[in-house]
Structure formats: structure tokens, C-alpha cells
Amino acid sequence: MDLRERLALDLLGASYSQLSEQKRSVIDLIADQKPSGLGPIAKLDERDHWQKLADKVARVGGSWSFIIAFCTALALWAILNVLLATHAFDPYPFIFLNLMLSMVAALQAPIIMMSQNRQGLIDRAAAEHDYVVNLRAELEIMLLHDKLDALRERDILGRTDVIDAQLAQLCDDVAALKARSA
């Protein structure tokens, strides 16, 4: 029987061909005794320039420092234009400010969504990799238990053989003592 088939039957209770692709990959890793790999986090550096820019925009746009700085800029804009009522560059109701805010929101939202979508893909790949690593660890532990059980059984059988030999020797000694005393 093939090693992969035997591992699949012993560890997962199904034939190798019946296993999902993930479980087959785990059986292959165990059979080949290869490490599970680095996972999707290592692929983070494979981003192109635009993806890195989207991540930076999402990182900055989703921070408290950005929110505080943006609120401060809005307050200064409004205060400056109210104080300079006769010479204001954007008088109340701040139409130019509203235009700028709409443009920032229109550009920032899809950029942040692109970054979040890619992060979601990375998270799903990381979860799948974690599942494979955890399943492999569990199966390896089961193999170690089987090996320990086999070692214990062999040790117990060896001790039983020694005890049987000693018991036979004692029986022979007792019989010899009875024969001498009779």
C-alpha cells in the first residue's frame, strides 16, 4: 500500500483520493517530511506600486492622527473664513470646502476598499495556511502517539518475555528444591 494512502486511512479514516485538496496537501507534506511553508504573509512584499500606495492611504486615512488633523484643518478653515467675512476666500456656507470634502471622500473610499479587499484575501489565505499547519500538527501528534504506543507495547512484550523466563527459572528452581528435599 502506498505511504500516502496508508497515512490517509490511518490518520483521517478515508482513502487519499477521497480527501479534499487541503487534506491531500497535508498528507503530502507529512509523507515528504517537508515544512509547511511561509504562508501568505510572505507574499505581502509582492505588491505593485499602486497596491502599496492604497495600503498607505488606508493606513493614514484610518488613523486617529489623520482624523484629528483633518478636524483641526476643517475648524481652522471655518474659523478663518468666518473671521475674514469681508475678504473670505470661501464664505459661509463653505461651498469650496464642501467640494473638496466630496472629492476627498470620492477618492479615499475606493482606495481604502481596494486595500481592505486585498487584506481580506491575505487574511483568508492566512486562515487557510493556519488550517493546513494545524491539521498537519494534529496528524503528526497522532503519528507520534502511535509510535509511542508501539514502543510501549514492544517494551511491555519484552518485559513479559523476561518475566516469563524468570518465572520458568523459578519454577525449575522450586521443582529442583522439592526433588532434593524429597
By count of other Cβ within 10 Å, fewest leading, how are His145, His129 ordered? His145, His129
The computed P(r) of the stretch 48-152 puts the percent of Cα pairs beyond 25 Å at 55
So what's the net charge close to Gln22: Lys and Arg +1, Asp and Glu -1, counting the other residues with Cβ under 15 Å from its Cβ? 0
If each of Ser181 and Ile79 carries a label point 7 Å out from its Cα toward its Cβ, how far apart are those two points in nm? 11.2
Per residue of the stretch 79-92, what does 6.51 cos²θ - 1.76 cosθ + 1.60 with θ = phi - 60° give for ³J(HN,Hα)? Whole Hz please, x for Gly and Pro, Karplus curve as stated. 5, 4, 6, 6, 5, 9, 3, 7, 10, 5, 7, 9, x, 3
Using only helices, what value at 222 nm comes out for the chain when you add -39,500 (n - 2.57) per DSSP H run of length 4 or more and divide by the total residues, to the nearest 500 deg cm²/dmol? -27000 deg cm²/dmol
If I take R0 = 30 Å and measure r between the Cβ atoms of Asp10 and Glu128 in this structure, what FRET efficiency does the formula 1/(1 + (r/R0)^6) give, to the nearest 0.05? 0.80
Net charge near Ala165, counting Lys/Arg +1 and Asp/Glu -1 over other residues with Cβ under 14 Å of its Cβ? -3
Point-to-point label distance, Ala137-Leu170, nm (Cα→Cβ direction, 7 Å offset): 4.8
Distances over 20 Å make up what percent of all Cα-Cα pairs in the chain? 75
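The numbers here are math on the coordinates, done by the rules we state, and not lab data. What you see is a predicted model; the values in this text were computed from it and never measured. With ideal geometry, Cβ positions are generated from the backbone for all residues, glycine too; neighbour counts draw on all protein chains shown.
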